[in-house]
Amino acid sequence: MSEIARPTDSNYCFDVIVVGAGHAGTEAAAAAARLGARVALLTGNLDTVGQMSCNPAIGGVAKGQIVREIDALGGLMGKAIDESGIQFRMLNRRKGPAMHSPRAQADKRRYQEAIKYTIESYPNLSLVQEQVEDLLLQPCEDTSPDEQTWRQRVAGVQVRGGAQYLAPTVVLTTGTFLQAIMHTGESKTAGGRAGEGTSAGLSGCLKRIGFRIERFKTGTPPRLNAKTIDFNVTEEQPGDTNPQPFSFMTAEISAPQISCFITYTNELVHEIIRKNLHRAPMYSGQINSTGPRYCPSIEDKVVRFADKDRHQLFLEPEGRKTSEIYVNGISTSLPRDVQDQIIRLVPGLERAEIMRYGYAVEYDFCPPDQLYPNLESKPVAGLFLAGQINGTTGYEEAGCQGLLAGANAALKLAGKEPLVLSRDAAYMGVLIDDLVTRSVDEPYRMFTSRAEYRLLLRQDNADRRLTRLGYEIGLVDSARMERLATKEEAIAVAKQHLDAGRVGEIPATKYLRRSEVTWEEICQHVPQLMGLSAEIRDQVLWDIRYEGYIGRQEQQVDRQKRLSHKRIPAAFPYSSIVGLRNEAKQKLDRIRPANLDQASRISGITPADLALVLAHLESGTRKTNLQSNPNAATNSSPTSQIP
Ligand SMILES: Cc1cc2nc3c(=O)[nH]c(=O)nc-3n(C[C@H](O)[C@H](O)[C@H](O)COP(=O)(O)OP(=O)(O)OC[C@H]3O[C@@H](n4cnc5c(N)ncnc54)[C@H](O)[C@@H]3O)c2cc1C
């Protein structure tokens, strides 16, 4: 670890230092700055701020919901994609509202510009091109959230060339760059992204500090020149006619939409892939680490789904002023000559030129059970980790962690309560809870199925769930808060009209609950509702139509909260619980959940394990009560109290 040099120029002293200006880092720096902290955002290359390493798209199923939540808390992503999107689609529109998921294809360059421009506009945020090589640490005896003693705290960072930046909090958001190796066929190069270097120093530093480090891999497909593609033989996929913005603050999307196109692989392609599997780093043994299961490479798909005679490929433009086409669905690390052969066997791509070859990247990450729920690290006080460094994959997953880590760094400095969202408040809450409670054994991406209260966590109500909280903390400005108040008022007035209206003998609100009744029909009977915006109409309709289901989910949340209130002392002796399985003892001992609710979500912890922990907790409480009040003994069985 480097020695801290003093005194230091005040230009190098900050409240919060964020390392890496990717999707997590930019949200982290902006969130900390919105809370009034003086922030330095240090990144290896100013020209790659907010760069989309892989797919030039934001949102999608469950990810779109996260972007709406980031926006509801005043974050950057929603506005940036509204400014730079070239094709907007609401996925799953035919399903119920919990599944509606916005997605947009981005003009990759304009997206980056939008993010960088916004970052540059924050008065208390300094964006500087620096390669961070080491962390500066100091001894410390602070008490951590699980009532242990931290032995070291972060004091700043050292950059290439030896300069030091000092701050009591540091947020690490270095993405896929830690000790990264890129693979294309047999060729291996050091680097976290094509054309860039690796961050070896920091990786070694984290190991020395005592972090457990593991390795994951991810991949990217080749990019083609649009001028060499025959789109006539592909299927066109246009955007929505009424594109819906991501940001609650964007009035409308007026930029013209660009189409994407669909084509397919075939048996000939699969045959060549099978013949060359021994040259694919994943199969030759050159790569051993785990990749994203739900985003497999084409070689993986051909092996795992051997019975499928074709796989869908989306041809997605990378921007308005570029010919580059991203081929979604054919991520690969096969050698270049094999990529050339397989591309030319796909209908429409017979003459296609590859502008960038596909590759895979292997990188270090820190398993996230080494973090507290505020994303502060367990080994070092004041050090926060967010984004792909925590074993996640995806821009949205990274962005929301960044926002929470940056906010929590600033809140810690201000001596305020951390911002920890519950699983019923936000997908962001589900994500963080999954990470810190269950850790990861493959790159973590968000799915709607990970959220148990999906009907509460809709994309359309993210502002109603989060904006007020954001405003109270200071993350959200008054313009956004006023917009929410106006929206709530319009919803309340519309509901009053419905309550007062009737359709024949039937109250209008009750009539609207019938699934076959259209909004237009109800407007005939309650004319005050005519002309209501689509946004307010949907809120009113879904609030009323799904009231029963929403009520049931809220009851479940209440039950879960009662359980969660049962706190587990930091030094709870799991190993001495008679009958508790060894696996459960080890996991509980390692993760040390703060309460029974968190314990219940640790993978592999069964209801029977929980019953034993609760019984032990209760017997401890009873002993204490008995000592202070010998008449307090009861005959009730503690295990029977689990709801
Ligand atoms: C080849 C490839 C393929 C991918 N494929 C997919 C996919 O198919 N699906 C998917 O969902 N996601 C994919 N991703 C992941 C996606 O790009 C990331 O999830 C997302 O970008 C993570 O955001 P982040 O902010 O954590 O890191 P990044 O966006 O990677 O940003 C990290 C930033 O930190 C900077 N940095 C790193 N080290 C230092 C240092 N020491 N000092 C200063 N600055 C530093 C870098 O320059 C960079 O700006 C892929 C990524 C890559 C590279």
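A few points about this structure:
- Neighbour counting of Cβ atoms within 10 Å sorts the residues Met52, Met355, fewest neighbours leading, into Met355, Met52.
- Each of Lys487, Lys510 was scored by other Cβ atoms within 10 Å of its Cβ. Arranged with the fewest first, they read Lys510, Lys487.
- Fewest-first sequence of Val436, Val19, Val557 by Cβ atoms within 10 Å of each Cβ: Val557, Val436, Val19
- Each part reduced to its alpha carbon centroid, the range 1-67 and the range 196-218 end up 18 Å apart.
- Remark: for residue pairs Lys95/Lys217; Lys188/Lys301; Lys378/Lys587; Lys63/Lys207, the C-alpha separation exceeds 25 Å in Lys95/Lys217; Lys63/Lys207.
- Applying a length cut-off of 18 Å (Cα extent along the axis) and a mean Kyte-Doolittle floor of 0.0 to the DSSP H helices of the chain leaves 395-413.
- Here is how the number arises for the chain: DSSP H runs of 4 or more residues each give -39500 (n - 2.57), the sum is divided by the residue count, and the result at 222 nm is -11000 deg cm²/dmol.
- In the chain, Rg over Rh equals 0.99, where Rg is the alpha-carbon radius of gyration and Rh the Kirkwood radius from pairwise Cα distances.
- Cα gyration tensor shape for the range 160-278, rounded if a/c is under 1.5, else prolate or oblate: oblate
- Taking label positions 7 Å along the Cα-Cβ direction at both Leu345 and Lys95, the computed distance is 3.3 nm, reported to one decimal.
- Estimated inter-spin distance, Ser323 and Asn45, nm [label 7 Å along Cα→Cβ]: 2.3
- Candidate cross-link partners of Lys561 among the aspartates and glutamates, defined by an alpha-carbon separation under 18 Å and a same-chain spacing of 8 or more, comprise Asp424, Asp433, Asp434, Glu452, Asp597, Glu618.
- Counting only Cβ charges, +1 for Lys and Arg and -1 for Asp and Glu, the dipole size of the chain around its Cα centre is about 1120 debye.
- 17 Å Cα-Cα reach of Lys495 towards lysines, excluding residues that sit fewer than 8 places from it in its own chain: Lys487, Lys510
- Ser449 versus Arg215: modelled label distance in nm, points set 7 Å from Cα along the beta carbon direction: 3.0
No value in this document is a laboratory result; all are computed from the given coordinates. Bear in mind that the values here come from a model prediction, so they are computed numbers and not experimental data. For neighbour counting, all protein chains shown are included, and Cβ atoms are generated from backbone atoms with ideal geometry for every residue, glycine included.
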